[in-house]
Amino acid sequence: MTIAPPTDLLAAYHQVPGVYDEMVTADGRVRDHWAHAGRVIGNLGLEELLYRRSEARRLLDDDGVTYNVYGHEPGVGASVPAVAPWALDPVPVLLASDEWADVEVGVVQRAELFNLVLTDLYGPRQLLRRGVLPAELVLGHGGFLRPCDQIRVPGHQQLFTVAVDLARDSAGRCTVLADYTQAPSGAGYALENRVVVSRVLPSLYRDSQVHRLAPFFRTLRASLQGVAPPDADDPRIVVLSPGPLSETAFEHAYLASHLGYPLVESTDLTVRDGKVWMRSLRRLERVHVILRRTDAWFCDPLELRPDSKLGVPGLVEAARLGGVSIVNTLGSGVLENPGFLPYLPRMAELLLGERLLLPSVPTWWCGEEDGRRHVLAHLDSLVIKPIARGVGPTAVFPWELSSDRRDDLRRQIEAQPGRWVGQETVELSSAPTLTATGLEARYTVLRAFAVARQDSYAAMPGGLTRVSASGHSAEDAAGGRRPRISNQAGAISKDTWVLASEPEKLSGFWLVPGPPVIAIDPAASMSSRAAENLLWMGRYAERAEAMARLVRASHDRRNDFQRGANPAGTECLQVLLSALTKVSSTYPGFVGNGAGARLAAPGAELFALVVDENRSGTLAHAVRQLLGAAQAVRDQLSSDIWMAVGTLEREIAALRASDPDHLMVVQHTLGRVVQSLLALSGMFGEGMERDPGWRFMDAGRRLERGQQLVALLRATVTVERNTATDSLLLESVLIAAESIITYRRRYRSQAQLETLLDLLLLDTENPRSLAHQLDRLADDVSLMPRTDNAARLREPDRLVLEASTALRLADTNLLARSGPDGTRPELDAFLTRILALLYRAADAIDREHFVHPLPQRSLAGP
């Protein structure tokens with residue numbers, strides 16, 4: 001690959017003929033507001049820009065920024081999505097303050113218009129009575145929810161947030177491609193893009209006087225407070241997410257964390273007496289405002305979609321009674337109907353007394369005869385869309401269809417014309433996008449955002465720009481067609497900079513004078529589901545570490561004794577391999593059917609125990625489950641913790657693609673996995689507040705570390721072998737338990753089982769000992785929130801105390817004795833009892849603190 005010198009980077013940039021380019025004019029001159037950025041980018045050169053792009057990718061990976069790609073709607077019959085990394089081009093898109101002012105006014109006007117339309121459709125419906133909107137277009141749309149009629153939230157704005165996709169024609173004029181009013185996504189990704197790009201291009205960002213995005217999110221927060229029911233003195237606000245399988249699950253958690261609100265799922269909420277409550281750790285807590293990220297028709301299986309597993313039964317009734325404010329308002333998705341677009345200019349004149357500032361893409365609704373004739377006559381050149389999601393594909397491009405399929409589409413339109421619209425293909429502007437060979441002009445779309453503010457709306461100064469995943473082709477250009485730009489199709493995002501004409505004045509500070517604010521009880525702001533995921537996050541972190549250490553110890557013995565020349569070493573290796581299967585429960589493994597062959601050639605099984613994420617008990621499975629638990633509590637975790645979690649998965653994914661017989665690579669990866677897990681453990685210990693969530697996470701770690709240690713001892717030292725084998729085995733056990741250095745320093749003589757048991761079971765000063773785990777677990781359990789004030793011990797406390805007492809009374813000399821048959825029955829019985837108590841304690845914590853709602857069953861039938 002030839003790297004272009006810095007001076008040639010901009011000179012080699014070629015815009016798409018006949019297309020408005022964001023950076024250069026038609027004659028190739030750099031636009032005035034790009035002058036400084038163009039010089040900086042040109043001086044950096046391609047090699048440096050590619051390095052900055054790799055740094056951006058690293059930062060996104062460290063923050064765990066993802067976008068889920070799937071083929072079905074989440075909620076009903078959805079396939080498991082593929083987790084795709086968020087794609088970001090470091091070269092921003094720049095907008096001058098004067099051109100942004102026109103966009104801002106147009107977006108705010110559009111939001112105000114849609115707000116009036118929404119208020120009318122779920123109120124007096126004068127637009128339908130006067131024939132301004134065809135009744136079929138509204139009443140036949142899946143987003144019009146009849147049960148939500150007359151539901152209002154406090155204040156003038158019934159539409160809380162709006163997003164608008166904008167394109168530029170060849171003259172630079174903006175056209176609206178689509179409106180998003182259901183649960184508009186992208187604002188959180190825009191904020192993350194800004195954070196990353198400002199870090200990889202710090203000087204350029206600092207010198208460009210870019211409008212900040214923080215005021216938009218402060219407005220969002222203040223407006224959420226403002227829509228609370230009148231009886232809420234200190235409103236409790238939550239972010240309702242469909243869950244980690246949602247397309248934009250990262251954004252839901254990111255917004256919740258940034259705004260400081262709990263991220264909840266439907267199972268965290270319940271409706272009682274016309275109000276919504278969150279199942280917190282201590283009791284039910286009233287919820288006053290829900291920032292909804294779940295599509296409205298999934299929100300209530302009682303009154304909306306009965307087959308939804310994402311809804312809260314009774315939520316519509318609670319909103320109807322004014323017990324909770326839901327934004328965006330339930331039913332606002334009707335405004336996303338593309339059939340509305342031809343009628344917007346007239347509605348703007350009637351409702352606002354103004355002309356529509358931002359024109360929409362030319363659209364014809366097939367429900368009207370003229371529109372249907374036009375669409376059918378120009379079927380080959382129009383984009384065909386259903387008026388509502390769920391009717392069919394989001395868009396059909398007839399020129400890509402065979403003649404038979406095109407005829408079938410024609411028949412569908414003729415059979416149900418009211419369900420379809422035809423739209424012209426629109427011109428798109430282009431923007432410079434970094435590729436391996438230089439800057440390339442890529443087609444671009446800008447998503448702008450607006451949020452309710454007092455009696456109007458505030459627009460985000462910038463937005464989320466997306467560019468096509470590939471460049472333009474001569475064939476597409478000749479046909480006037482543009483590539484599809486969507487995240488599902490692999491679009492690349494860009495930060496959007498609105499340049500201030502003068503230094504921006506800071507306003508709306510986070511720091512507010514006045515009397516001290518009363519802090520929220522942490523137990524009241526954490527859902528039972530979040531606490532359970534934190535506990536399992538701790539458990540899977542410890543499970544992964546124990547597995548990595550034991551596999552690494554087994555590999556060490558394999559390297560030493562695989563050839564079978566040393567009988568003691570061979571027996572030690574076989575015991576360790578059998579212990580791997582027993583501790584991880586990855587049967588048949590090294591003890592079930594076919595174990596002999598696997599013991600003779602253990603490489604493939606050892607490799608699978610590291611990389612097979614679909615097999616319960618493996619290292620990869622533990623890491624996958626750890627990541628899943630972390631995603632469910634993303635709003636509770638710092639970026640540093642997420643960085644360590646993300647590194648684990650990348651290490652194992654890289655190993656999965658390597659040669660399984662390359663032992664050095666496997667050992668090196670295991671070392672890095674352990675290193676990342678130790679870093680994660682340090683962040684757990686030093687980077688988290690000792691709130692109830694931390695208690696559950698730490699309890700999970702102590703439970704799992706204790707169980708793993710006891711299971712390892714049961715699998716290795718409950719049978720006496722010859723001195724040489726036991727010497728090697730005890731050393732391997734100490735290595736796997738990360739206590740070998742302590743043991744050698746403390747017991748300089750030859751190893752003994754009694755002293756090993758003293759160190760691993762009884763020594764409270766050893767952070768890897770069972771006694772230490774039980775002491776920490778007792779503290780965690782005693783400080784977990786309780787719903788009563790009784791002085792009696794709860795079941796988890798009793799079980800942990802019983803295990804701790806049994807341990808304190810244990811005599812390691814007695815436990816180490818072997819019987820005539822070479823077994824150690826006292827030790828085996830003791831370890832079995834302790835393990836059973838730890839399992840029972842885990843179950844008791846689950847019963848005491850976690851709520852598992854029964855599966856919902858539809859009363860309406862299939």
**OP:** Please give the helix 795-808 orientation as an angle from the longest Cα principal axis of the chain, in degrees from 0 to 90, rounded to the nearest 10.
**Re:** 30 degrees
Original post:
Here are several values of mean projected area of the Cα convex hull in nm²: [x] 38.6; [y] 42.9; [z] 45.4. Which one was derived from the coordinates shown?
Top reply: [y]
Subject >> 3J(HN,Hα) from dihedral phi, the stretch 42-48, Karplus parametrisation 6.51/-1.76/1.60, rounded to Hz, x for glycine, proline >> reply: x, 6, 5, x, 5, 4, 5
Subject >> Under the Karplus curve 6.51 cos²θ - 1.76 cosθ + 1.60, θ = phi - 60°, whole-Hz ³J(HN,Hα) for the stretch 210-219, x wherever Gly or Pro sits >> reply: 8, 4, 7, 8, 4, x, 4, 6, 5, 5
Subject >> Mean Cβ neighbour count within 10 Å, used as a protection proxy, ranking 357-363, 547-553, 25-31 highest first >> reply: 547-553, 357-363, 25-31
**OP:** Just name one of LEU756, ALA737, VAL176: the one whose Cα is farthest towards the positive end of the charge dipole of the chain (beta-carbon charges, Lys/Arg +1, Asp/Glu -1).
**Re:** LEU756
Original post:
Per the helix-only calculation at 222 nm, which mean residue ellipticity applies to the chain, given -39500 (n - 2.57) for every DSSP H run of n ≥ 4 and division by its residues, nearest 500 deg cm²/dmol?
Top reply: -14000 deg cm²/dmol
Subject >> Phi to ³J(HN,Hα) by Karplus 6.51 cos²θ - 1.76 cosθ + 1.60 over the stretch 437-445, Hz, x for Gly, Pro >> reply: 10, x, 8, 10, 6, 10, 4, 9, 9
Original post:
Amide H neighbours of GLY140 under 5 Å, counting only residues 5+ apart in sequence or on other chains, H built in-plane at 1.01 Å?
Top reply: none
Original post:
Check TRP420: other-chain or 5+ apart residues with amide H under 5 Å from its amide H, H built from backbone geometry?
Top reply: CYS366, GLY367, ILE387
Subject >> Fully extended contour minus Cα-Cα distance, from GLU765 to VAL105, at 0.36 nm per residue >> reply: 231.0 nm
**OP:** Quick one: dipole size for the chain, taken about the Cα centre, charges +1 on Lys/Arg Cβ and -1 on Asp/Glu Cβ, in debye to the nearest 20.
**Re:** 1100 debye
Original post:
Remind me, relative contact order of the stretch 264-375 in percent, using alpha carbon pairs under 8 angstrom and six or more residues apart?
Top reply: 19 percent
Original post:
Can you tell which of THR161, GLY339, GLY243 lies farthest toward the positive end of the dipole of the chain, using +1 and -1 charges on the Cβ of basic and acidic side chains (Lys, Arg; Asp, Glu)?
Top reply: GLY243
Original post:
Residue separation times 0.36 nm, minus the C-alpha to C-alpha distance between THR832 and SER681: what's the value?
Top reply: 51.6 nm
Original post:
If you put +1 on each Lys and Arg Cβ and -1 on each Asp and Glu Cβ, how big is the dipole of the stretch 119-184 around its Cα centre, in Debye rounded to 20?
Top reply: 200 debye
Original post:
Hey, what did the stretch 754-840 get for relative contact order, percent, Cα under 8 Å, at least 6 apart?
Top reply: 25 percent
Original post:
How far is helix 249-259 tilted, in degrees, relative to the longest principal axis of the Cα atoms in the chain, given as a value from 0 to 90 rounded to the nearest 10?
Top reply: 90 degrees
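No value in this document is a laboratory result; all are computed from the given coordinates. Quick caveat: nothing in here was measured; it's all calculated off a predicted structure. When we count neighbours, we look across all protein chains shown, and the Cβ atoms used for this are built from the backbone with ideal geometry, even at glycine.
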